[in-house]
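Remarks on the structure that follows.
Just so it is clear, none of the values below were taken in a lab; they were calculated from the coordinates. Please read these numbers as outputs of a predicted model, since none were measured by experiment. Here the Cβ is made from the backbone with ideal geometry for all residues, glycine too, and neighbour counts use every protein chain on show.
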Amino acid sequence: SQTIHQWPATLVQPVGSPLSLECTVEGTSNPNLYWYRQAAGRGLQLLFYSVGIGQISSEVPQNLSASRPQDRQFILSSKKLLLSDSGFYLCAWSVLRGNQPQHFGDGTRLSIL
Amino acid sequence: KNEVEQSPQNLTAQEGEFITINCSYSVGISALHWLQQHPGGGIVSLFMLSSGKKKHGRLIATINIQEKHSSLHITASHPRDSAVYICAVYTSGTYKYIFGTGTRLKVLA
């Protein structure tokens, strides 16, 4: 069966520090991969999606970047965190063909101090 | 105006009540997805709909494509149903979902 792992679950970082959140998927090949952010009291906002290794689409201009070094690995990064980067970050995957449900990781709660 | 609107934003019910959460959208969609987010943050998929109605246990989801509207019903609600329920639409011709802001449901014993 397919599983998605996201870590860490909770992270507290100072302003200006770097960030690396990792997401891996098991049990499927060539998935679509997604990074979302959920700010307090707001809906999920799509940050990045990827349909293949090295293929990253960015949805909103921001302080973050994403990379997909392997088929089932998706990394969210920042060189210098801002206070506004605080939030709940979720990774998700779906099969490559369209119109299929997404499966979410457990999320990372990021607090910037 | 958001492309996906949910109502109500917050809902408190007594155990056993019948609950309805609504979702309206303004974009062309391939499918609509109902998700459940528990206090810890994890998200669970409940239903994916492209037409008609689906039922799973005490949960029923319906969609009217012409009216661009979907409802999620919970029969005989229970405190363990307390969560945020999120409507998401899979937009036509893309790989992307647009999410509603969620409905926070609290069921009291």
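Some observations on this one:
- Relative exposure of B:Thr91, B:Thr103, B:Thr75, judged by other C-beta atoms within 10 Å (fewest first): B:Thr75, B:Thr91, B:Thr103
- Rounded if a/c under 1.5, otherwise prolate or oblate - the protein assembly as shown, Cα gyration tensor axes: prolate
- Ranked by the mean number of other Cβ atoms within 10 Å of their residues, highest first, the peptides A:4-12, B:50-58 come out as A:4-12, B:50-58.
- Directionally averaged shadow of chain A, computed from the convex hull of its alpha-carbon atoms, nm²: 6.7 nm²
- Charge dipole (Cα centre; +1 on Lys/Arg Cβ, -1 on Asp/Glu Cβ; no other charges) of the protein assembly as shown amounts to roughly 100 debye.
- Sequence-distant residues sharing a close amide H with A:Arg72 (under 5 Å, placed H): none
- Between the alpha-carbon centres of region A:1-47 and region B:51-66 there is a gap of 29 Å.
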